[in-house]
Amino acid sequence: MSASTTDGSVIANIVAQLDAATERILDGDGQGWKDLVSDQDDVILLGAYGGHATGRDEVATRFDYVASTYAGAAGTTWRENIASWVNDDWACVVDVEHHRATLEGGAEPVDFAYRATHLLRREQGTWKVVLRHADPIASFKGPRFAHGT
């Protein structure tokens, strides 16, 4: 295995795939994320809506549910990259994701942000997500917030 790098062209390609899948989900279509997730059954989703999903089928079902909560009104996404690593077989991208979308039942788009970590594995020459971890906490809150005190 080669040493870890921050190969800009590979990372740019991965980010473009993440953004395309996310914009589809913001438009009410979970298929982009289902296509981007590994075909193997070791995938994990720690999504921003809470809880977790494991295994290909459960993760796919969750992406369909999440897509259904958006009103399908041309959502957009952009990101602030914190760190990225890539080698021959694995890549990791850590970002603050920013989104603008209309939520189900809403009249106007809203802006929101997630801390997001994606772990990808190269499978048959294609990058596939094996872990997505996102949560809506985009700024530091401190220990009282985390511990409910």
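Brief remarks follow.
- Answer residue from segment 131-146, given it is surrounded by 12 or more Cβ atoms within 10 Å (Cβ to Cβ) and among the aliphatic types (A, V, I, L, M) and is farthest from A53 (Cα to Cα) among those: A138
A quick yes/no check of all residues on (1) assigned to a helix (DSSP H, G or I); (2) crowded, with 19+ Cβ neighbours inside 10 Å; (3) at pLDDT 95 or above:
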residue: V10; (1), (2), (3): yes, no, no
residue: N13; (1), (2), (3): yes, no, no
residue: T22; (1), (2), (3): yes, yes, no
residue: D29; (1), (2), (3): no, no, no
residue: D35; (1), (2), (3): yes, no, yes
residue: D39; (1), (2), (3): no, no, no
residue: D42; (1), (2), (3): no, no, yes
residue: L45; (1), (2), (3): no, yes, yes
residue: G50; (1), (2), (3): no, no, no
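- Looking only at segment 65-79, and only at residues there that are assigned to a helix (DSSP H, G or I) and under 15 Å from the mean Cα position of the chain (by Cα), the one that is nearest to G30 (Cα to Cα): A67
- Any chance T54 is polar (S, T, N, Q), touching a strand residue (DSSP E or B) at 6+ places or on another chain (Cβ under 6 Å) and surrounded by fewer than 17 Cβ atoms within 10 Å (Cβ to Cβ): yes
- Residues that are under 24 Å from S139 (Cβ atoms), surrounded by fewer than 17 Cβ atoms within 10 Å (Cβ to Cβ) and of a type outside the set (A, V, I, L, M, F, W, C) occur at least once in segment 84-103.
- Of all residues in segment 76-129, those being in contact with a helix residue (DSSP H, G or I) (Cβ under 7 Å, 6 or more places away or on another chain), under 20 Å from G32 (Cβ atoms) and of a type in the set (A, V, I, L, M) number 5.
- Scanning segment 23-52 for residues that are within 14 Å of A101 (Cβ to Cβ) and basic (K, R) turns up just one, R24.
- Hits in segment 17-45 (condition: farther than 14 Å from A134 by Cβ and of a type in the set (D, E, K, R)): E23, R24, D27, D29, K34, D35, D39, D41, D42
- Restricting attention to segment 96-149, the residues being under 30 Å from D42 (Cβ atoms), among the hydrophobic types (A, V, I, L, M, F, W, C) and either assigned to a strand (DSSP E or B) or touching a residue at least 60 places away in the same chain (Cβ under 8 Å) (or both) number 12.
- Filter pass, V59 being hydrophobic (A, V, I, L, M, F, W, C), outside any strand (DSSP E or B), in contact with a helix residue (DSSP H, G or I) (Cβ under 9 Å, 6 or more places away or on another chain) and touching a residue at least 12 places away in the same chain (Cβ under 8 Å): yes
The values are calculated or read from the model by the stated rules, or taken from the named source; none is laboratory data. Note that this is a predicted model, so its numbers are computed, not measured. Reconstructed Cβ throughout: ideal geometry from the backbone, glycine too, with neighbour counts over all protein chains shown.
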